[in-house]
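Here's the structure we're looking at; comments come further down.
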Amino acid sequence: ISNYKLANQDSLLLSLNDNKIDFTITDKYLLIKNGEYKITKNIIVPVDIETKIEKGVIFNMSKNVSILFQGNLNAEGTKEEKILVKALKINEPFGTFAVVGKNYKSNVNLSNFIIEGGSEASLEGMTFLGQLSIHNSNVLIKESKITKSYSDDGANIRNSNIDISNTSFSFNKFDQLDLDFCNGNLINNEF
């Protein structure tokens with residue numbers, strides 16, 4: 001059994017500053033501003049903070065480093081300015097990009113979102129088995145691409161309501177998409 005400290009606003013601010021992220025924050029809202037970032041330390045957003053990632057954001061993720069959101073997440077790119085989460089170096093997978101609803105189902109909106117080159121991780125006492133892991137959420141994913149995962153799953157979604165459309169799942173190590181205890185719709189996706 002390993003010991004860990006639960007994230008709080010102070011640890012979030014420290015991790016955002018350590019990773020040189022341009023952001024604004026209030027008690028309940030985090031905005032990550034457009035830019036390209038090299039992520040070298042885990043970022044864990046505490047429970048009940050809603051996060052918006054601006055279009056055009058690029059996260060270059062270091063080996064075994066993860067980002068976890070424990071509240072609502074809105075990451076809507078455009079065709080011209082997609083949001084990209086990728087491994088900093090080829091053959092050095094990052095951990096996970098994860099969302100978990102704690103006190104209620106989180107609302108997760110991903111569009112024109114690309115994730116590639118990730119793996120899995122244990123954070124805050126939870127195990128996340130996909131490079132994109134979403135637990136206990138209302139999930140909308142559209143016009144996105146989930147590819148080149150080193151973990152069991154390209155995307156692992158659990159205990160959630162889903163609406164996934166016009167999204168490509170490719171070149172993931174084992175499962176392209178793993179849905180456990182989910183309800184919803186899969187429309188016009190490519191596997």
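The values are calculated or read from the model by the stated rules, or taken from the named source; none is laboratory data. Remember, it's a predicted structure, so these values are computed and weren't measured experimentally. Using ideal geometry, Cβ is built from the backbone for each residue, glycine included, and neighbour counts are taken over all protein chains shown. With ligands, DNA and RNA removed, areas are computed over all heavy atoms of the protein, side chains included. Shrake-Rupley method; radii C 1.70, N 1.55, O 1.52, S 1.80 Å.
Under 4 °C and 1.567 mPa s, how fast does the chain diffuse according to Stokes-Einstein, given a Kirkwood radius computed over C-alpha pairs? Answer in µm²/s, whole number. Estimated diffusion coefficient is 80 µm²/s.
Sorting Ile67, Ile25 by accessible area puts them as Ile25, Ile67; the probe is 1.4 Å, largest comes first, and only protein heavy atoms count.
Its DSSP H runs of at least 4 residues, each contributing -39,500 (n - 2.57), put the calculated 222 nm mean residue ellipticity of the chain at -1500 deg cm²/dmol, to the nearest 500.
Considering only DSSP beta bridges with both partners in the chain, what is the antiparallel share in %, to the nearest 5?
Within the chain, antiparallel bridges account for around 10 percent of the total.
The trypsin sites (Lys or Arg not before Pro) found in region 32-83 that occupy coil by DSSP, while having at most 11 further C-beta atoms within 10 Å, are Lys79.
When you filter the chymotrypsin sites (Phe, Trp or Tyr not before Pro) in region 1-74 for DSSP loop state and at most 14 other Cβ atoms inside 10 Å of their Cβ, you are left with Tyr4. In the context of the full set of protein chains, region 50-191 has a per residue accessible area of 42 Å² (1.4 Å probe). From largest to smallest, the equivalent ellipsoid semi-axes obtained for region 16-63 from the alpha-carbon gyration tensor read 18, 13, 9 Å. Amide H to amide H, with H built 1.01 Å from N, Ile39 comes under 5 Å of Asn60, Met61, Ser62, counting only residues 5 or more places away or on other chains.
The smallest convex shape that holds all Cα atoms of region 118-191, its convex hull, gives 73 Å³ per residue. Normalising by residue count, region 22-105 has a Cα convex hull of 93 Å³ per residue.
Among the DSSP beta bridges whose two residues both lie in region 1-90, what percent are antiparallel, rounded to the nearest 5?
15
For region 16-161, the carbon plus sulfur part of the accessible surface works out to 45%, probe radius 1.4 Å. Between amide H atoms placed 1.01 Å from N, distances below 5 Å from Tyr29 occur with Glu50, all of them 5 or more places distant or on a separate chain.
For the chain, a crude dipole built from +1 on the beta carbon of Lys and Arg and -1 on the beta carbon of Asp and Glu, taken about the Cα centre, is about 300 debye to the nearest 20.
Segment Lys20..Thr40, full-extension length gain: 6.2 nm, with 0.36 nm per residue of separation and the alpha-carbon distance subtracted.
Annotation: the antiparallel percentage among DSSP beta bridges lying fully within region 45-117 is about 5.
Candidates Asn17, Ser168, Phe128 compared by Cα position along the dipole of the chain: farthest toward the positive end lies Asn17, with charges placed on Cβ.
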